[in-house]
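J.: One structure, as structure tokens, below. Some questions next.
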Amino acid sequence: MSLADPPIRAALVRDVVPGLIDGDPDGFWFHEMGLCEHRARVDLAVFNGHIHGIEIKSDRDTFARLDQQAEVYNAVLDLITVVVGEAHEVTVESHVDEWWGISVAREGASGVLIDRIRPPEQNPQRDAEMIAHLLWRDEAVELLDRLGCARGVRSKPRYFVCKRLSEALPIEDLSREVRQTIKARGDWRATPS
């Protein structure tokens with residue numbers, strides 16, 4: 001029997017995500033987070049002191065889009081895990097970077113089980129400007145204002161604001177500010193400004 005996305009996603013939410021946010025009182029997660037102005041969407045985004053993206057490639061999926069997705073994930077996410085069905089277990093390593101975590105979803109007697117094959121490591125390819133683009137324009141301007149760096153950006157386009165923000169903070173500080181800002185949103189799916 002080949003596993004589809006819904007039972008794998010349900011097993012992740014039930015068995016894996018709680019462990020990822022355990023001990024982090026500010027931890028949270030959600031489905032389908034758009035990245036880099038929606039050039040790609042990660043299946044699960046877990047905020048637990050990092051931005052940990054989890055991508056599902058079920059037995060019914062292919063790796064056809066993964067190269068494009070990986071480029072975006074590598075620019076933005078602190079940690080990345082790909083969860084594959086057993087059909088992809090042998091070939092998945094050749095499709096992802098060595099710092100990506102790999103897990104395999106298997107059908108068990110009591111439902112879908114997720115076996116971790118390799119834990120994720122810190123992503124060395126993050127791009128500060130792309131991380132800044134996770135913020136809405138008004139959020140980025142407000143952060144620049146708090147940092148005393150907003151002079152001359154209030155009327156500028158979003159790409160300019162994000163570039164300035166990426167230059168104003170070290171990447172770890174920027175990533176922390178972005179996580180806190182996203183958490184503070186009432187409805188993160190609302191249209192960005």
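The values are calculated or read from the model by the stated rules, or taken from the named source; none is laboratory data. Nothing here was measured: the structure is a model prediction, and the numbers come from that model. Reconstructed Cβ throughout: ideal geometry from the backbone, glycine too, with neighbour counts over all protein chains shown. Quick note on the areas: whole protein, heavy atoms, side chains included, nothing else; ligands and nucleic acids left out. Shrake-Rupley method; radii C 1.70, N 1.55, O 1.52, S 1.80 Å.
J.: Test each condition in (1) closer than 30 Å to Asp5 by Cβ; (2) exposed (fewer than 14 other Cβ atoms within 10 Å of the Cβ) for Arg126 and report the one that comes out false.
T.: Result: Arg126 passes all but (2).
J.: Oh, and also: Given the conditions (1) part of a strand (DSSP E or B); (2) farther than 24 Å from Glu107 by Cα; (3) open to solvent by less than 10 Å² (accessible area, probe 1.4 Å), and given that Trp29 satisfies all but one, which numbered condition is not satisfied?
T.: Every condition holds for Trp29 apart from (3).
J.: One residue is enough: does the stretch 85-95 have a residue meeting the conditions touching a residue at least 24 places away in the same chain (Cβ under 8 Å), in contact with a helix residue (DSSP H, G or I) (Cβ under 9 Å, 6 or more places away or on another chain) and closer than 28 Å to Thr181 by Cα?
T.: No, the stretch 85-95 has no match at all.
J.: Conditions first: (1) open to solvent by 60 Å² or more (accessible area, probe 1.4 Å); (2) acidic (Asp, Glu); (3) under 17 Å from the mean Cα position of the chain (by Cα). Asp97 passes all but one, so which condition is the exception?
T.: (1)
J.: Restricting to the stretch 32-54, what's the tally of residues that are open to solvent by 20 Å² or more (accessible area, probe 1.4 Å) and either within 13 Å of Asp78 (Cα to Cα) or touching a residue at least 60 places away in the same chain (Cβ under 8 Å) (or both)?
T.: Residues meeting the conditions: 4.
J.: Of the conditions (1) touching a Lys or Arg at 6+ places or on another chain (Cβ under 6 Å); (2) crowded, with 19+ Cβ neighbours inside 10 Å, Ala4 clears all except one; give me its number.
T.: Only one criterion is unmet by Ala4, namely (2).
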